[in-house]
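A.B. asks: Here it is: the structure, laid out below.
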Amino acid sequence: MFKILARQPFWVNLLAALFVFFLLIFLFLKSLGWLTSHGSYLKVPAVKGKNVDEAVKLLEDRGFEVVIQDSVYFDSIPKFTVIKQLPDPDATVKANRTVFLTINRALPPSIDMPKLEGLSFKFAVNMLERNHLRLGDTSYRADFMKGSVLEQQYNGARIAAGTPVPWGSKVELVIGAGLQDQRILVPDLLGMNFDAAKEILKEKGINLAATIFLPGITDSANAFIYKQNPEKMDEDKNLIYIQPGQTMDLWLSPTPPNLDSLRNNNPDKNVPNNF
């Protein structure tokens with residue numbers, strides 16, 4: 001074969017080489033178009049609202065690649081439903097194009113409990129809605145902060161702001177009802193432990209305000225009340241009245257106080273010497 005080519009004039013060999021070169025380029029371009037499906041276009045089917053398994057099968061049967069790009073959560077939509085697709089339905093795209101799907105997740109995400117205590121009831125409800133939470137039962141307690149949230153509760157127990165709760169959870173609120181038009185005697189809490197004093201305050205509708213602890217207290221529940229404000233009697237030994245919803249301050253020590261000293265309105269004399 002090489003002998004035959006060697007006998008041909010140079011220009012014949014040159015033309016033959018050019019022909020082969022351009023033939024290879026032509027075949028390469030043709031094969032490249034075939035490999036990349038050049039000039040082949042498909043219409044994207046609508047899969048929004050379909051179950052993800054059904055949507056993936058439909059798209060793959062039409063020649064598309066499928067990628068689950070993201071997931072969101074809506075409690076009003078069945079789980080694993082396609083929420084969004086990209087490209088959009090009926091878009092004309094090249095074959096083998098990837099379709100990205102956003103689906104409705106199966107489990108609700110966690111929400112950080114917002115701080116509602118101290119807010120007005122209306123603003124607290126708005127805050128719940130913005131955080132994808134719902135208002136549960138509401139109850140009222142005598143308090144001078146009328147119309148404000150006194151406690152936020154989840155499953156019947158007080159819950160701190162920032163605690164994770166499931167999306168859509170019900171949050172119960174305790175609302176201030178204002179001061180009641182009645183008077184009760186200030187309870188005598190001197191000498192009681194802290195837990196017992198709190199129970200009495202709760203029964204009478206009196207709110208605990210400041211709590212002052214002496215050094216050395218390791219268990220606040222078993223600390224002892226050695227001073228309270230307001231006191232049971234004034235300087236003239238007259239009983240003092242209070243309204244439900246008002247507040248009381250308590251001072252606590254690690255050891256039981258001398259009640260005789262306290263009854264003489266000299267609570268500071270009963271504070272242990274080492275304090």
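The values are calculated or read from the model by the stated rules, or taken from the named source; none is laboratory data. Computed from a prediction, not measured in an experiment: that's the story for all the values here. Glycine gets a Cβ as well: all are built from the backbone with ideal geometry, and neighbour counts include every protein chain shown.
A.B. asks: Within the range 42-81, how many residues are part of a helix (DSSP H, G or I) and under 23 Å from Pro166 (Cβ atoms)?
C.D. replies: Total satisfying the criteria: 1.
A.B. asks: Hey, can you tell me all the residues within the range 74-114 that are exposed (fewer than 12 other Cβ atoms within 10 Å of the Cβ) and hydroxyl-bearing (Ser, Thr, Tyr)?
C.D. replies: Matches in the range 74-114: Ser76, Thr92.
A.B. asks: Does Phe64 count as loosely packed, with under 15 Cβ neighbours inside 10 Å and over 29 Å from Arg134 (Cβ atoms)?
C.D. replies: no
A.B. asks: Could we say that Ser37 is at pLDDT 65 or above and either of a type outside the set (Asp, Glu) or farther than 30 Å from Thr102 by Cα (or both) here?
C.D. replies: No, not satisfied.
A.B. asks: Let me ask another. Is it the case that Gly216 is surrounded by fewer than 15 Cβ atoms within 10 Å (Cβ to Cβ), more than 35 Å from the chain's Cα centre (by Cα) and either without any contact (Cβ under 8 Å) to a residue 24 or more places away in the chain or part of a loop (DSSP other than H, G, I, E, B) (or both)?
C.D. replies: yes
A.B. asks: Could you please tell me which pairs satisfy a Cβ distance under 7 Å, a separation of 6+ or placement on different chains, a first residue in the range 225-246 that is without any contact (Cβ under 8 Å) to a residue 60 or more places away in the chain, and a second residue that is crowded, with 18+ Cβ neighbours inside 10 Å and among the small types (Gly, Ala, Ser)?
C.D. replies: These pairs meet every condition: Ile225/Ala197; Tyr226/Ser253.
A.B. asks: Ok, one more. Limited to the range 140-178, what total is found for residues that are assigned to a strand (DSSP E or B), surrounded by fewer than 13 Cβ atoms within 10 Å (Cβ to Cβ) and either among the polar types (S, T, N, Q) or in contact (Cβ under 8 Å) with a residue 24 or more places away in the chain (or both)?
C.D. replies: Residues that pass the stated criteria total 1.
A.B. asks: Go through (1) loosely packed, with under 12 Cβ neighbours inside 10 Å; (2) in a loop (DSSP other than H, G, I, E, B) one by one and return the number of the condition Glu117 breaks.
C.D. replies: Condition not satisfied by Glu117: (1).
A.B. asks: Select, from Asp181, Asp137, Asp188, the only residue that is farther than 30 Å from Pro256 by Cβ, assigned to a loop (DSSP other than H, G, I, E, B) and acidic (Asp, Glu).
C.D. replies: Asp181
A.B. asks: Could you list, ordered by first residue, the pairs with Cβ atoms under 8 Å in which the first is in the range 180-209 and within 16 Å of Ser220 (Cα to Cα) and assigned by TED's automatic domain parsing to the domain that holds Gln243 and the second is surrounded by 12 or more Cβ atoms within 10 Å (Cβ to Cβ) and of a type in the set (Gly, Ala, Ser), at least 6 apart or interchain?
C.D. replies: Filtered contacts from the range 180-209: Leu189/Ala197; Asn193/Ala223; Phe194/Ser220; Phe194/Ala223.
A.B. asks: Scan the range 47-86 for residues that are polar (S, T, N, Q) and touching a helix residue (DSSP H, G or I) at 6+ places or on another chain (Cβ under 9 Å) and jot them down.
C.D. replies: Listed by number, the residues that qualify are Thr81, Gln85.
A.B. asks: Would the range 121-129 turn up any residue that is within 19 Å of the chain's Cα centre (by Cα), under 30 Å from Leu214 (Cα atoms) and acidic (Asp, Glu)? Full working, then the answer.
C.D. replies: Of the residues in the range 121-129, the ones within 19 Å of the chain's Cα centre (by Cα) are 123-129.
Restricting the remaining residues to those that are under 30 Å from Leu214 (Cα atoms) gives none.
Looking for residues that are within 19 Å of the chain's Cα centre (by Cα), under 30 Å from Leu214 (Cα atoms) and acidic (Asp, Glu), one finds none in the range 121-129, hence no.
A.B. asks: In addition: If you check Lys202, Lys227, Lys269, Lys198, which single one turns out to be at pLDDT below 85 and of a type in the set (Lys, Arg)? First the steps, then the outcome.
C.D. replies: Details: Lys202 fails: at pLDDT below 85; Lys227 fails: at pLDDT below 85; Lys198 fails: at pLDDT below 85.
Exactly one of Lys202, Lys227, Lys269, Lys198 is at pLDDT below 85 and of a type in the set (Lys, Arg), namely Lys269.
A.B. asks: Does at least one position in the range 88-95 carry a residue that is at pLDDT 85 or above, among the basic types (Lys, Arg), at negative phi and in a strand (DSSP E or B)?
C.D. replies: No, the range 88-95 has no match at all.
A.B. asks: Answer yes if at least one residue in the range 156-165 is among the small types (Gly, Ala, Ser) and within 30 Å of Leu259 (Cβ to Cβ), and no otherwise.
C.D. replies: Filtering the range 156-165 down to residues among the small types (Gly, Ala, Ser) leaves 156-157, 160-162.
Keeping just the survivors that are within 30 Å of Leu259 (Cβ to Cβ) gives none.
Within the range 156-165 (the criterion being among the small types (Gly, Ala, Ser) and within 30 Å of Leu259 (Cβ to Cβ)), the answer is no, since none of the residues qualifies.
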